[in-house]
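Engineer: Handing you this structure, nothing more for now.
The values are calculated or read from the model by the stated rules, or taken from the named source; none is laboratory data. Since the model is a prediction, treat every value here as computed from it, not as a measurement. Every residue, glycine among them, receives a Cβ derived from its backbone with ideal geometry; neighbour counts consider all protein chains shown. Surface areas here come from the heavy atoms of the whole protein model, side chains and all, with no ligands, DNA or RNA. Shrake-Rupley method; radii C 1.70, N 1.55, O 1.52, S 1.80 Å.
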Amino acid sequence: MSQPTVLNLGHQPIADHSFSADHSLLAVACEDNVQLYNNDGKSFTPGIVLGDHDKSVTSIDISPSGRIVTCSQDRNALVWEPQADSSYKPTLVLLRINRAATFVRWSPDETKFAVGSGARAIAVCYFEEENDWWVSKHIKKPIRSTILSVTWHPNSVLIAAGSTDGHARVFSGYIKGVDQKPQPTIWGERLPFQTLCGDFVNHTGAWIHDVAFSPSGDSIAYCAHDSSITVVYPGGADRPPQAIYSVNTSFLPFKSLVWLSNNEIITAGHDCHPYIFSGNENGWEYTASIDDPADNTKEQSHENSALALFKQMDLKGSDQGLSTDYILKTIHQNTINTIRAFTHSGDKVTSVSTSGVDGKVVIFPL
Amino acid sequence: MSEINWRRINIDQYDPDSFMSAEELLPPVPPVVAADYANLAQLVRGLLSKGDISQALITALENPPYGGDEIVKASHLKTVLEVLTATKSSDITSLVESLSQEQQTTLIKYLYKGMSSILGQSNGNAGILLTWFQKTIDTTGSGPIVRHISDRRTV
């Protein structure tokens, strides 16, 4: 197995990151700005900064064709169109929400994106040709708490969302005039906008941090703050689910998850390294961990920052190098916020990228 | 100029949907009949007097009264504490290992609740509970603590 690629991108927490489809561009949401990095195949060099938000940028996503959407605690979302001179032209999206925007993702067909927010609503945004701007329609009912994550079904119509009241819900995000009539799926046949196709409550009622459709789209998985992941196999429209599997672990809570294939999920969070779960319609279990501190004998390289050196002198009266007590034996030195698929081979994910509070982006081969 | 600083008005108070009460956030739990837990307490005491601590512990932790009121919860805490204090500290690890993951989590919830109650702090019980806590966590890892903190259903 080849080694993980580690990018040290500074000292600030990274809220979210996204690679372009050809991996030539990396966008990182850090404080109020989005920093772009250009990848020439060997190294990542800092590119331009997208700085039009005036509060923390909470989420970022690059579409297959290279358009970037960002959302922020300033209650706005911006779509950044790449220009011929490799600059970006921002367009404000009319979100009409009165609380922070928390999460944004493009639909697979790129015609829409969904923005989760603290305003108890999901804004489904689409481009209106005649006015030349992005407008939004709200999914409101029956949401009564902050949406922490949204994800799209492969058919670009269904949306799954996880929220702080412990519910993971599946909605229709069908927009008349934008979408073709979708094929019937196991989630339902007629899908007008805002149809609730599934509502699953976590048995402890803990926050749902992330939710994801399986590659086939026929099941969803979510991770909650009770250190569990749950996989739901629906039973068809208006019928109870065929099976719900909750895997409780002895680890710290997970913040983000990605399906590697229809039978494997990778997840990461407060334990600072990824875990793999596998299973099928008959059950799920924890199988492996990546970058496990128990297997890492060598110390991770760390920065000799002036602050750490000063602390050492201040606390212990020693300038003889740094104490390594506080260094974790994992690559990430703090909570992993986001995990994303990086490369595919067929319908299997072969590497994932992670970003976290320690300001690192790491690409893990699997 | 008006007297009211309108920028400081809490607009959420005019929106009935702006917050959810603890009851609304509680995930679905089965309703609790007080008499069932009185019977359960009898059963556990019977097992204890026979010296079958393992079965008594499992019986006490099997169905925590999530849907019960404070009186039922307090009386069940008393039942669980009776089992915990009747155990020799050298037996704790093997007892914890024999529990299911769900029961281990319930045990941690009762250890936290016990340590915060008057009953759990008196008669030298606090030391016993701390021993239980340490040996349980050595076996289970930090998962049950996370679930105790994040679970909206309380014992």
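Engineer: Among A:L94, A:L26, B:L107, flag the residue with its Cα farthest along the positive direction of the charge dipole of the protein assembly as shown, charges on Cβ as +1 for Lys/Arg and -1 for Asp/Glu.
Structural biologist: B:L107
Engineer: Report, to the nearest 10°, how far helix A:306-316 tilts away from the longest principal axis of the Cα atoms in chain A, using its own Cα long axis and a range of 0 to 90°.
Structural biologist: Value to nearest ten degrees: 60.
Engineer: Residue-wise, which Karplus ³J(HN,Hα) couplings in Hz belong to the range A:17-28, taking 6.51 cos²θ - 1.76 cosθ + 1.60, θ = phi - 60°, and x for glycine or proline?
Structural biologist: Karplus values, whole Hz, x for Gly and Pro: 9, 8, 9, 6, 4, 8, 6, 7, 9, 10, 10, 10.
Engineer: A follow-up question, please. Fully extended, how many nm does the chain gain between A:E285 and A:Q12 (0.36 nm per residue separation, minus their Cα-Cα distance)?
Structural biologist: 94.8 nm
Engineer: Keeping all protein chains in the complex and leaving out DNA, RNA and ligands, what accessible area do you get for A:W133 with a 1.4 Å probe, in Å² to the nearest 10?
Structural biologist: 110
Engineer: With +1 on each Lys and Arg Cβ and -1 on each Asp and Glu Cβ, and nothing else charged, work out how big the dipole of the protein assembly as shown is about its Cα centre, in Debye to the nearest 20.
Structural biologist: 840
Engineer: For an R0 of 22 angstrom, estimate the FRET efficiency from the Cβ-Cβ distance between B:D138 and B:R45 and round to the nearest 0.05.
Structural biologist: Result of the calculation: an efficiency of 0.15.
Engineer: Label 7 Å along Cα→Cβ of A:E128; the range A:96-116 residues with amide nitrogen under 12 Å?
Structural biologist: Hits in the range A:96-116 for A:E128 at 12 Å: A:96.
Engineer: Please report the buried accessible area for the interface of B with A, total over both chains, probe 1.4 Å, in Å² to the nearest 100.
Structural biologist: Chains B and A together bury approximately 1700 Å².
Engineer: Please determine, in degrees from 0 to 90 and to the nearest 10, the orientation of helix B:101-116 with respect to the longest principal axis defined by the Cα atoms of chain B, where the helix direction is its Cα long axis.
Structural biologist: In chain B, helix B:101-116 runs at an angle near 70 degrees to the longest axis.
Engineer: Something else now. Length gain on complete extension for the stretch A:N38 to A:R239, per 0.36 nm per residue less the alpha carbon to alpha carbon distance?
Structural biologist: 67.5 nm
Engineer: Can I ask one more? At 1.4 Å probe size, with every protein chain present, just tell me what the per residue accessible area of the range B:17-150 comes to in Å².
Structural biologist: 49
Engineer: Given the C-alpha centroids of the range B:102-141 and the range A:192-244, what is the distance between them in whole angstrom?
Structural biologist: 33
Engineer: Determine the dipole magnitude for chain B: charges of +1 sit on the beta-carbon of Lys and Arg, -1 on that of Asp and Glu, nothing else is charged, the reference point is the Cα centre, and the result goes in debye to the nearest 20.
Structural biologist: So the dipole magnitude of chain B works out to roughly 500 debye.
Engineer: Roughly how many percent of the accessible protein surface of chain A is carbon and sulfur, given a 1.4 Å probe and a whole-percent answer?
Structural biologist: Carbon and sulfur together cover 49 percent of it.
Engineer: Springs between alpha-carbon atoms under 10 Å, Gaussian network over chain A: tell me which of A:A123, A:A84, A:A306 tops the mean-square fluctuations.
Structural biologist: Result for chain A, Cα springs under 10 Å: A:A306 fluctuates most.
Engineer: Report the residues of the range A:159-176 in range of a label on A:L196: point 7 Å along Cα→C-beta, backbone N strictly under 19 Å from it.
Structural biologist: A:159-174
Engineer: May I ask you to give the percent of accessible area on chain B that is carbon plus sulfur, with a probe radius of 1.4 Å?
Structural biologist: 55
Engineer: Could I ask something else about it? Could you tell me how many cubic angstrom of Cα convex hull volume the range A:72-201 has per residue?
Structural biologist: For the range A:72-201, the hull spanned by Cα atoms encloses 107 Å³ per residue.
Engineer: What whole-number volume per residue, in cubic angstrom, does the convex hull of the C-alpha atoms of the protein assembly as shown give?
Structural biologist: That works out to 227 Å³ per residue.
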